[in-house]
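To start, the structure under review is shown below, and the notes come after it.
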């Protein structure tokens, strides 16, 4: 069957305040960039598959969550908070899912700075609403895929959500690999040359790994719920696909734990090197003090204010005292070398 994209009768010209949207009619035809009035009609009809992608920075688009979709105020409030934790919540007409999108912050010179943003999903019987404040590469990629192959919409909106989450989770793997490469570089620098600034980079890498682990860990639990808990909006045969993403998150969490252990080893090695350097310095200072001690004693003896002292009036007394100091120092150095302390 040939699938075509059509506009509904009387559809006005798309406004920039309209969200990006795709609707697959029951007859297989597609509608794009639908007006809010048309979205309300589709929701009332309850037929076909509708995906609406909302930019939360646009107040007109964000208002649709309350005016058209009539979502719960607490869920709408969460979409405006960038600090909302990754979670899964179930309401009467839909489920609400929050996931974190992680990337290295290219706006800072630090290689370990992490930038995060949230993507919010409202999944209902025949609709999927995605909300984000930062442009989503995953949503854009899935939209292009659906436009090339509109029949993918026939698999249900829960599969569209699966594709978006899967695309976002797959983007974690290059980040983990890049962090692994950075940590390996820190380890090589640690053994090549001691650098006092290295400790700062180690702690920045630890902070980046903890940040990624903090976001991926809860996502694993959310996917575990989507995979194993019965849900009226996700068919059992579709849950198998979510299980695949769940397996990916397990791999990512295990990789992050390995990175964290490796960083702990790098930090321990750095502290050991620092301690060894300190011990070496203290050893050298102790050797200098040991050699200088008899010189101070001899100098103090000959500096005492007594009228009768050996070599006090000897014409070569001063040189004899210096020679005695040199001989004693030489004996001490010989003894230290014999004990292999030098």
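The values are calculated or read from the model by the stated rules, or taken from the named source; none is laboratory data. Since the model is a prediction, treat every value here as computed from it, not as a measurement. Note: ideal-geometry Cβ built from the backbone for every residue, glycine included; neighbour counts use all protein chains shown.
Results for (1) in a helix (DSSP H, G or I); (2) not assigned by TED's automatic domain parsing to the domain that holds residue 176, shown as yes or no for each residue.
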residue	(1), (2)
255	yes, no
262	yes, no
269	yes, no
279	yes, yes
290	yes, yes
293	yes, yes
304	no, yes
318	yes, yes
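Starting from residues that are part of a loop (DSSP other than H, G, I, E, B) and touching a helix residue (DSSP H, G or I) at 6+ places or on another chain (Cβ under 9 Å), keep the ones in segment 99-139 and report whichever is surrounded by the fewest Cβ atoms within 10 Å (Cβ to Cβ). Lay out the reasoning, then the answer.
Going through segment 99-139, the residues part of a loop (DSSP other than H, G, I, E, B) turn out to be 105-113, 124-126, 133-136.
Going one step further and asking which of them are touching a helix residue (DSSP H, G or I) at 6+ places or on another chain (Cβ under 9 Å), we end up with 110-113, 124-126, 136.
Working: 110: 12, 111: 15, 112: 20, 113: 15, 124: 21, 125: 15, 126: 17, 136: 21.
Here the answer is 110.
Quick one: in segment 28-46, which of the residues that are within 39 Å of the chain's Cα centre (by Cα) and more than 15 Å from residue 18 (Cβ to Cβ) is surrounded by the most Cβ atoms within 10 Å (Cβ to Cβ)?
30
Scanning segment 182-214 for residues that are out of contact with any helix residue (DSSP H, G or I) (no Cβ under 9 Å at 6 or more places or on another chain) and within 26 Å of residue 86 (Cβ to Cβ), which turns out surrounded by the fewest Cβ atoms within 10 Å (Cβ to Cβ)?
If we take residues in segment 182-214 being out of contact with any helix residue (DSSP H, G or I) (no Cβ under 9 Å at 6 or more places or on another chain) and within 26 Å of residue 86 (Cβ to Cβ), then 207 is surrounded by the fewest Cβ atoms within 10 Å (Cβ to Cβ).
Would you mention how many residues in segment 70-84 are in a loop (DSSP other than H, G, I, E, B) and within 24 Å of residue 230 (Cβ to Cβ)?
Matching residues across segment 70-84 total 2.
Within segment 50-67, is even one residue in contact with a strand residue (DSSP E or B) (Cβ under 7 Å, 6 or more places away or on another chain), at pLDDT below 90 and surrounded by 14 or more Cβ atoms within 10 Å (Cβ to Cβ)?
Checked against the condition, which is being in contact with a strand residue (DSSP E or B) (Cβ under 7 Å, 6 or more places away or on another chain), at pLDDT below 90 and surrounded by 14 or more Cβ atoms within 10 Å (Cβ to Cβ), segment 50-67 yields no hits at all.
Would it be correct to say that residue 309 is free of Cβ contacts under 8 Å to residues at least 12 places away in the same chain, more than 30 Å from residue 158 (Cβ to Cβ) and assigned to a helix (DSSP H, G or I)?
Details: free of Cβ contacts under 8 Å to residues at least 12 places away in the same chain: yes; more than 30 Å from residue 158 (Cβ to Cβ): yes; assigned to a helix (DSSP H, G or I): no.
Here the answer is no, as residue 309 does not meet what is asked.
I want to confirm something. Restricting to segment 69-92 and keeping residues that are surrounded by 17 or more Cβ atoms within 10 Å (Cβ to Cβ) and free of Cβ contacts under 8 Å to residues at least 40 places away in the same chain, which single residue is farthest from residue 35 (Cα to Cα)?
Quick first cut of segment 69-92, residues surrounded by 17 or more Cβ atoms within 10 Å (Cβ to Cβ) only: 69, 71-72, 75-76, 78-79, 86, 88.
Keeping just the survivors that are free of Cβ contacts under 8 Å to residues at least 40 places away in the same chain gives 72, 76.
Numbers: 72: 22, 76: 20 Å.
Across segment 69-92, the extreme among qualifying residues is 72.
May I ask you to say which residue of 175, 223, 240 is closer than 17 Å to residue 121 by Cα and at pLDDT 85 or above?
Among 175, 223, 240, only 223 is closer than 17 Å to residue 121 by Cα and at pLDDT 85 or above.
Please specify each residue of segment 158-181 satisfying the condition of being buried (at least 21 other Cβ atoms within 10 Å of the Cβ) and touching a strand residue (DSSP E or B) at 6+ places or on another chain (Cβ under 7 Å).
158, 160, 161, 164, 165, 168, 172 - these are the residues of segment 158-181 that are buried (at least 21 other Cβ atoms within 10 Å of the Cβ) and touching a strand residue (DSSP E or B) at 6+ places or on another chain (Cβ under 7 Å).
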